[in-house]
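Beneath this line is the structure, given in structure tokens, with notes to follow.
The values are calculated or read from the model by the stated rules, or taken from the named source; none is laboratory data. None of the values given here were measured: they were computed from a predicted structure. Because the Cβ atoms are built from the backbone with ideal geometry, glycine has one as well, and the counts that use them run over all protein chains shown. In case anyone asks, the SASA skips ligands and DNA or RNA and just uses the protein heavy atoms, side chains included. Shrake-Rupley method; radii C 1.70, N 1.55, O 1.52, S 1.80 Å.
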Amino acid sequence: MTNTFNPVIPYIEGDGIGPEIWQATKKVVDAAVSSAYQSERKIDWLEILAGEKAFNQTGTWLPDETLEAIRKHKIAIKGPLTTPIGEGFRSLNVTLRQELDLYACVRPVRYFEGVPSPLKEPEKTDMTIFRENTEDVYAGIEFANGSKEVAQLLNFLTDQLSVTKVRFPDTSALGIKPISQEGSERLIAAAIDFAIAQGKTRVTLIHKGNIMKFTEGGFKNWGYDYIESTYTEAFTMNQYKKIAADSTVEKADAALAEARAAGKIIVDDVIADNFLQQILLYPEKYQVVATTNLNGDYISDALAAQVGGIGISPGANINYKTGHAIFEATHGTAPDIAGKGWANPCSLLLSAVMMLDHLGWSEASRKVTKAIEQALQNNQVTHDFAQMLDIKELSTAGFADYLIESIQKEQ
Ligand code: NAD
């Protein structure tokens with residue numbers, strides 16, 4: 001039975017390097033929890049199956065019991081999973097997100113001193129991305145060229161909606177991009193709530209509304225309307241523009257200055273392609289970002305690469321309304337290095353940090369973060385970074401032991 005101090009947390013160890021990074025993560029998290037709360041709090045880990053391990057033991061890639069356990073215990077943590085190859089198989093990650101309606105993909109991006117980065121000042125990048133996870137062209141409504149469905153859809157488009165713009169109808173595949181008001185509002189609300197809780201001063205909506213006015217433009221407009229009608233803690237640049245249009249720019253400037261002085265969160269929006277320039281030129285301007293699914297995919301990877309963290313950046317998929325959440329390594333199963341002791345466990349470990357924060361166990365989460373910071377600063381790194389920096393490496397298990405030692409020393 002779950003109680004506040006001994007929660008049962010299901011875990012999926014994952015395929016490929018999954019078992020190695022999971023073992024390292026579990027040991028470090030247990031050490032941090034024990035160091036922070038002694039015997040008062042402890043996680044009761046519960047193994048659940050997915051991926052190759054599930055297939056080998058049960059004949060299915062994602063057993064019903066796995067979903068039931070996550071539904072029951074609300075949160076779970078997972079290593080990377082092999083995507084089964086073959087027609088009709090959907091990515092297990094996408095299935096988990098859709099089955100549990102985990103609508104917010106949350107990716108904090110920050111620099112850790114000692115990590116090789118392509119930027120001169122990587123420490124200026126420090127932001128959290130809220131990527132919509134259930135809609136957009138990722139909803140999976142796509143039809144192959146030459147299929148009966150494309151023919152039917154084209155007929156409908158031309159006959160019923162007078163669409164004449166499909167450039168090569170005979171050879172086109174077609175996809176549909178659904179973006180809804182509810183879907184946009186709940187994601188944007190999650191970003192604003194996070195900004196309020198974390199004392200942030202700016203939230204930015206990223207979209208391509210200049211081209212896709214109803215879908216991407218809808219995301220922006222519904223977002224502004226929702227924020228203006230729901231949050232007294234925020235002032236939007238949409239409000240600024242309205243004041244400037246209805247009155248004067250001076251009045252709008254005064255309203256903005258007043259909102260800033262009152263500690264309100266300033267909400268603005270940036271077109272996605274411009275944002276990809278902005279994050280290289282002025283990353284320090286952005287704190288919390290809310291965006292649609294496809295933009296979010298590109299932005300998450302670009303930002304992670306900026307801080308050298310593509311292999312170590314964490315992620316969580318969360319439904320803030322039901323409380324369901326899966327914290328996960330963002331990289332894949334790395335079959336090329338599995339079993340060699342080369343895997344870097346930081347992505348899963350930092351996802352566990354997000355999980356501890358989600359539980360409100362911030363004393364333990366800070367201990368893990370601090371131990372990672374110290375290890376990287378002291379050039380105590382796994383094979384991936386050791387190769388780039390041309391220094392001695394620790395094995396995955398050795399890296400975990402180093403972190404545990406540093407957590408215990410700090411007690
Ligand atoms: P990958 O992320 O597994 O590997 C890309 C490169 O990064 C490889 O050279 C790998 O060795 C390296 N790498 C990845 N994680 C590392 C770590 N923690 N430490 C050190 N090096 C690391 O991507 P891939 O090769 O395209 O995919 C392999 C499998 O993983 C595929 O089946 C794919 O579908 C799956 N995948 C799963 C997830 C997930 O479960 N979230 C995400 C991406 C890919």
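Quick notes on this one:
- Flag not set for Glu258, criterion: outside any strand (DSSP E or B) and closer than 25 Å to Ile179 by Cα.
- Condition check for Phe327: more than 18 Å from Pro80 (Cα to Cα), touching a helix residue (DSSP H, G or I) at 6+ places or on another chain (Cβ under 8 Å) and not polar (S, T, N, Q): no
- The residue list Ala371, Ala386, Ala364 contains one member that is of a type outside the set (Lys, Arg), in contact with a strand residue (DSSP E or B) (Cβ under 6 Å, 6 or more places away or on another chain) and on the phi < 0 side of the Ramachandran plot, which is Ala386.
- Among the criteria (1) within 13 Å of the ligand (Cβ to nearest atom); (2) touching a residue at least 12 places away in the same chain (Cβ under 8 Å), the one Ile85 does not fulfil is (2).
- Qualifying residue in the range 346-361 (condition: within 16 Å of the ligand (Cβ to nearest atom), over 17 Å from the mean Cα position of the chain (by Cα) and under 28 Å from Phe385 (Cα atoms)): no
- In the range 262-372, counting only strands (runs of 3 or more DSSP E) that sit wholly within it, the ones holding 3 or more residues that are open to solvent by less than 10 Å² (accessible area, probe 1.4 Å) and at pLDDT 95 or above span 288-291, 314-318, 325-329.
- Selection within the range 304-330 - touching a Pro at 6+ places or on another chain (Cβ under 6 Å) and within 15 Å of the ligand (Cβ to nearest atom): Gly308, Ala329
- Only residues that are out of contact with any Leu (no Cβ under 8 Å at 6 or more places or on another chain) and either away from the ligand (no atom under 16 Å from the Cβ) or closer than 14 Å to Ile404 by Cα (or both) were counted across the range 1-30, and they come to 10.
- Criterion violated by Pro84 - all others in (1) within 28 Å of Met127 (Cα to Cα); (2) at pLDDT below 90 satisfied: (1)
- Selected residue [open to solvent by less than 70 Å² (accessible area, probe 1.4 Å), assigned to a helix (DSSP H, G or I) and among the β-branched types (Val, Ile, Thr)] from Val150, Val163, Val203: Val150
- For the range 9-114, the strands (runs of 3 or more DSSP E) that sit wholly inside it and include 3 or more residues that are open to solvent by less than 10 Å² (accessible area, probe 1.4 Å) are 75-78, 104-110.
- Criterion applied to Thr215, Thr248, Thr171, Thr236 was being among the hydroxyl-bearing types (Ser, Thr, Tyr) and open to solvent by less than 20 Å² (accessible area, probe 1.4 Å), and the one residue passing it is Thr236.
- Breaking point among (1) under 22 Å from Arg107 (Cα atoms); (2) out of contact with any Ser or Thr (no Cβ under 6 Å at 6 or more places or on another chain), for Asp336: (1)
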